[in-house]
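K.L.:
I am attaching a structure below and will ask some questions about it afterwards.
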Amino acid sequence: MTQVANTTIQLCGRFVVLLDGRRIDAALPGRQGRLLFAYLALNHDRPIGRDELMEVVWPDELPRDPGDAFGALLSKVRSAVGAAWLEGRSELLLRLPADADIDVERGLAAVHRAESACAREDWAPAWSAAVAARAVAQRTLLGEHDAPWLDEWRRTLADVLVRSLECYVRACLGLGGAERAGAVRTARFLVATAPLRESAYDLLMTALEAQGNIAEAIEVYREASRVLHDELGVVPAPLLQAHSARLVTRGS
């Protein structure tokens, strides 16, 4: 297949599929067609057998004659997508160009770049990569659909969201200046999103400390202690305790 430009697949938020600039999402046959295409897109690095795909399309109960039903569905999807894009019969492979843009893959790659840049303390690239990752992960993957395989991907994207928020806060703190306010706002959102994540409280304490709000930072530690005790019956980790002790000493 020749190199194709302008191939975009958006699965988070609004469902959009452009293949070589041709919009085909509306041509896919209903719920099953969208699920089938999305699964093929997310697994475009391998051929997938029909039995696996039937479980994807009908996760609760297979139709009376699943082979015939799947054959009819596949025919409609192949017609919408184009035969050159969808290869195989017993095993199917969505053949995408190397420069295809799939939002889920973009989000995963962006959070990795953000974490790598944070590790190098290269704050400007970390900031922009964290923003790119969050833009994908904060939208629901195929929000109109429910299936076990979707739950797994949604958990992955929920993790990407938390990691991107952490990177954004670290980058804002590293950049300093006016970005400190963004660090506090995002750290508060991070704590609300992941209330059992101790690193989230640590970042919020650090962001408030950078603004000179020591008392507020100490109060964040108290809230972390309460949540962890009530939800898990544990105390904060030594690192968080040490951070609190430093703040108390500084504020006294």
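The values are calculated or read from the model by the stated rules, or taken from the named source; none is laboratory data. These figures come from a predicted structure and were not determined experimentally. Cβ coordinates were reconstructed from backbone atoms using ideal geometry, including for glycine residues, and neighbour counts include every protein chain displayed.
K.L.:
Of the conditions (1) under 19 Å from the mean Cα position of the chain (by Cα); (2) in a helix (DSSP H, G or I), Asp51 fails just one. Which one is it?
P.N.:
Result: Asp51 fails condition (1) only.
K.L.:
Output yes when any residue across segment 135-145 is without any contact (Cβ under 8 Å) to a residue 40 or more places away in the chain, farther than 30 Å from Phe70 by Cα and in contact with a helix residue (DSSP H, G or I) (Cβ under 7 Å, 6 or more places away or on another chain), and no when none is.
P.N.:
Yes - at least one qualifying residue is present in segment 135-145.
K.L.:
Kindly indicate the residue of segment 146-158 that is among the aliphatic types (A, V, I, L, M) and touching a residue at least 60 places away in the same chain (Cβ under 8 Å) and also nearest to Asp20 (Cα to Cα) among those meeting that condition.
P.N.:
Per the criteria, the residue is Leu157.
K.L.:
A follow-up question, please. Please enumerate the residues belonging to segment 54-85 that are assigned to a loop (DSSP other than H, G, I, E, B) and within 26 Å of Asp101 (Cα to Cα).
P.N.:
Gly82, Ala83, Ala84, Trp85, listed by residue number.
K.L.:
Is there a residue being of a type in the set (D, E, K, R), in a helix (DSSP H, G or I), farther than 30 Å from Ala132 by Cβ and at pLDDT below 95 anywhere in segment 86-100?
P.N.:
If we filter segment 86-100 for residues that are of a type in the set (D, E, K, R), which is where we start, we get 87, 89, 91, 95, 99.
Cutting the leftovers down to in a helix (DSSP H, G or I) gives us none.
Checked segment 86-100: no residue is of a type in the set (D, E, K, R), in a helix (DSSP H, G or I), farther than 30 Å from Ala132 by Cβ and at pLDDT below 95.
K.L.:
Another question, then. Which count do you get for residues in segment 19-28 that are closer than 20 Å to Ala69 by Cα and either buried (at least 17 other Cβ atoms within 10 Å of the Cβ) or of a type in the set (Asp, Glu) (or both)?
P.N.:
1
K.L.:
Additional query: The conditions are (1) among the charged types (D, E, K, R); (2) surrounded by fewer than 14 Cβ atoms within 10 Å (Cβ to Cβ); (3) without any contact (Cβ under 8 Å) to a residue 40 or more places away in the chain, and Arg31 fails exactly one of them. Which is it?
P.N.:
Among (1) among the charged types (D, E, K, R); (2) surrounded by fewer than 14 Cβ atoms within 10 Å (Cβ to Cβ); (3) without any contact (Cβ under 8 Å) to a residue 40 or more places away in the chain, the lone unmet condition for Arg31 is (3).
K.L.:
Take the conditions at pLDDT 95 or above, touching a Phe, Trp or Tyr at 6+ places or on another chain (Cβ under 9 Å) and in a helix (DSSP H, G or I) and apply them to Glu223. Does it pass?
P.N.:
yes
K.L.:
So, one more: Are there any pairs, at least 6 apart or on different chains, whose C-beta atoms fall under 8 Å, with the first in segment 96-122 and β-branched (Val, Ile, Thr) and the second assigned to a helix (DSSP H, G or I) and at pLDDT below 95, and if so, which?
P.N.:
Taking only residues 6 or more apart or on different chains, not a single pair turns up.
K.L.:
Checking Glu105 against (1) part of a helix (DSSP H, G or I); (2) of a type in the set (Asp, Glu); (3) exposed (fewer than 14 other Cβ atoms within 10 Å of the Cβ), which single condition isn't satisfied?
P.N.:
Glu105 satisfies every listed condition except (3).
K.L.:
Another question, then. Out of all the residues in segment 194-217, is one or more in contact with a Gly (Cβ under 8 Å, 6 or more places away or on another chain), modelled with pLDDT of 95 or more and not in a helix (DSSP H, G or I)?
P.N.:
Looking through segment 194-217, none of the residues is in contact with a Gly (Cβ under 8 Å, 6 or more places away or on another chain), modelled with pLDDT of 95 or more and not in a helix (DSSP H, G or I).
K.L.:
A further question follows. Is there a residue being out of contact with any strand residue (DSSP E or B) (no Cβ under 8 Å at 6 or more places or on another chain), assigned to a helix (DSSP H, G or I) and more than 30 Å from Arg139 (Cβ to Cβ) anywhere in segment 172-185?
P.N.:
First pass over segment 172-185, keeping only residues out of contact with any strand residue (DSSP E or B) (no Cβ under 8 Å at 6 or more places or on another chain): 172-185.
Add one more test, that the residue is assigned to a helix (DSSP H, G or I), and what stays is 172-175, 179-185.
From what is left, the residues that are more than 30 Å from Arg139 (Cβ to Cβ) are none.
Taking every residue of segment 172-185 in turn, none turns out to be out of contact with any strand residue (DSSP E or B) (no Cβ under 8 Å at 6 or more places or on another chain), assigned to a helix (DSSP H, G or I) and more than 30 Å from Arg139 (Cβ to Cβ).
K.L.:
Kindly indicate whether any position in segment 138-147 is surrounded by 22 or more Cβ atoms within 10 Å (Cβ to Cβ) and either of a type in the set (S, T, N, Q) or within 26 Å of Thr206 (Cα to Cα) (or both).
P.N.:
no
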